[in-house]
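Remarks on the structure that follows.
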Amino acid sequence: MPPLPGKTNYEKRFDFYFELCKVLFEFRLQHNLSYQELNVVLYCFAPHCLEEVSPLARIPSPSKVYLCGGDREDSPTLETRTSKDILCWAGNPFMRTGDLVFIYETSPISAIRTVWRCVTDGSYDPFEYFYNRVFISNKIQIPPVTLKDLKENPLWAQKSVVKAHMQRLAGTACSYAEYQELRKILQKKDFDAGKLPQIQFTGLEDEEDLQNESQVEELLLEPFLKKLGFQEKNWVRQLPLRMGRGTKVFPDYVLFPKSTKGEEQAAFVWEAKFTIHTEKQLTEAFYQAKSYALRLQSTGFGLVAKEGIWLSFDTEDFSLKKLTHHTWKDLQDPDCFHTVKTVMLASVKKF
């Protein structure tokens with residue numbers, strides 16, 4: 001399969017579709033298949049072979065809650081679908097597998113009646129009218145939460161989409177506090193809120209404002225580095241770095257870099273991601289940051305996301321098994337922060 005370009009590289013993502021068609025065409029010729037037989041392989045044979053990695057097989061815990069919209073034509077579909085059905089829905093490109101989706105059905109329903117789980121990450125589909133798409137499943141039927149219910153709630157009444165009568169709901173993010181208020185509204189309607197999964201609380205007051213990787217860097221990592229005692233002059237963002245012949249990469253943040261061409265070094269490397277809430281995401285981010293740290297002869301590296309920070313040091317041979325994790329809520333504890341600060345400064349000082 002051709003490599004998947006980065007999510008902001010729109011031109012290469014557009015080209016990716018044509019490259020994918022080319023690969024499938026060559027596969028068809030290689031195995032002497034007709035067009036019809038190729039479809040049988042893709043849509044009948046292959047799903048049986050990949051059953052163990054079905055999107056419903058393993059859904060991680062949700063880290064975010066979103067509001068999506070549905071009109072009167074969608075209501076019969078939402079009502080008749082079961083928890084095993086998978087729907088393609090207009091969403092948000094920042095949605096992640098496992099996240100919760102509350103669907104608000106407009107007039108004449110004017111209420112939230114179902115809760116779903118994302119079984120894929122949000123994506124762009126240029127061939128759809130609503131091109132931000134996400135696949136949802138694991139439907140949970142709930143008592144109707146009407147627009148009136150939301151307006152009567154002190155917290156939800158202040159939300160802009162409620163003031164706008166729930167217009168343009170295509171993946172509107174909700175805060176942790178708003179989700180808890182929704183659970184309370186449902187409990188008052190004699191619904192067991194325990195049927196809804198708990199959100200992984202990160203301890204961030206402005207969690208709703210985090211929508212992408214750049215904001216994680218600016219709103220979380222940089223204030224954290226300053227709290228550790230570093231100044232802006234101590235780090236460089238997107239340091240150009242050659243890895244092998246003709247390959248250039250850009251580590252997100254490097255501390256105390258030495259930029260001699262071909263012999264670049266840095267005391268510590270930070271790699272930022274919007275979210276890391278699956279083992280696969282953690283493993284991929286770990287080895288990416290480790291490669292930068294080894295290339296720069298760093299004494300340590302860190303991963304940062306809205307779920308917290310992960311630290312690895314050369315004294316532990318940059319071992320994935322010895323990776324330490326601290327949530328932002330953990331770091332609010334003075335003892336935890338002191339421990340992290342001590343090991344960080346010791347690592348940088350050793351460099």
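The values are calculated or read from the model by the stated rules, or taken from the named source; none is laboratory data. As the structure is a prediction and not an experimental result, all values here were calculated from the model. All Cβ positions, even for glycine, are placed from backbone atoms using ideal geometry, and neighbour counts span all protein chains on display. To get the accessible areas, we keep the full protein, side chains included, count just its heavy atoms, and leave off ligands, DNA and RNA. Shrake-Rupley method; radii C 1.70, N 1.55, O 1.52, S 1.80 Å.
General observations
- Whole-Hz Karplus values for the stretch 300-305 come out as x, 8, x, 10, 9, 8 Hz, taken residue by residue from phi with 6.51 cos²θ - 1.76 cosθ + 1.60 and θ = phi - 60°; glycine and proline positions read x.
- Summary value for the chain: 11 percent relative contact order, contacts being C-alpha pairs under 8 angstrom separated by 6+ residues.
- Gaussian network model of the chain, springs between alpha carbon atoms under 10 Å - residue of 133, 117, 72 with greatest fluctuation: 72
- Phi angles across the stretch 193-199 convert, under the Karplus curve 6.51 cos²θ - 1.76 cosθ + 1.60 with θ = phi - 60°, into 3J(HN,Hα) values of 5, x, 6, 8, x, 7, 8 Hz, Gly and Pro given as x.
- Computed from point charges on the beta carbon alone (+1 for Lys and Arg, -1 for Asp and Glu), the dipole magnitude for the chain about its Cα centre is near 460 Debye.
- Largest to smallest accessible area among 168, 237, 242 [probe 1.4 Å]: 168, 242, 237
- Taking every alpha-carbon pair under 8 Å whose residues sit at least 6 apart, the stretch 284-329 reaches a relative contact order of 29 percent.
- Potential extension, residue 316-residue 163 segment - 0.36 nm per residue separation minus Cα distance: 49.8 nm
- When the Cα positions of 185, 332, 301 are compared along the charge dipole of the chain, 301 comes out farthest toward the positive end, with charges on each C-beta of Lys, Arg, Asp and Glu.
- Accessible-area composition of the chain, carbon plus sulfur, in percent [1.4 Å probe]: 53 percent
- Inter-part distance where the stretch 15-49 and the stretch 242-297 are each reduced to a Cα centre, Å: 36 Å
- Cα-Cα over 18 Å, subset of 248/290; 226/350; 159/273; 12/290: 226/350; 159/273; 12/290
- Set of the stretch 252-282 residues, backbone N closer than 11 Å to the point 7 Å along the Cα-Cβ line of residue 324: none
- In the chain, the DSSP-assigned H stretches of four residues or longer account for a calculated mean residue ellipticity at 222 nm of -8500 deg cm²/dmol, using -39500 (n - 2.57) per stretch and the full residue count as denominator.
- Relative contact order of the stretch 205-336, defined on C-alpha pairs under 8 angstrom at six or more residues apart (%): 18 percent
- Label-point separation, residue 258 to residue 27 (7 Å along Cα→Cβ), nm: 4.9 nm
- Considering only 256, 116, 145, the residue lying farthest towards the positive end of the dipole of the chain is 256, judged by Cα position with unit charges set on Cβ.
- Å² per residue, accessible surface of the chain at 1.4 Å: 55 Å²
- Length available on full extension from residue 349 to residue 280: 0.36 nm per residue minus the Cα-Cα distance, which gives 21.6 nm.
- In this label model, residue 13 and residue 233 are separated by 4.0 nm, measuring between points 7 Å along each Cα→Cβ vector.
- Extension gain, residue 195 to residue 219: 0.36 nm times the residue separation minus the Cα-Cα distance gives 5.3 nm.
- Accessible-area value, residue 165, 1.4 Å probe, nucleic acids and ligands omitted, Å²: 100 Å²
- With all protein chains modelled, accessible area of residue 313 [1.4 Å, Å²]: 30 Å²
- Only beta bridges with both residues in the stretch 73-163 are counted; by DSSP, about 100 percent of them are antiparallel.
- Residue (of 198, 46, 229) at the positive-pole extreme of the chain, dipole from beta-carbon charges: 229
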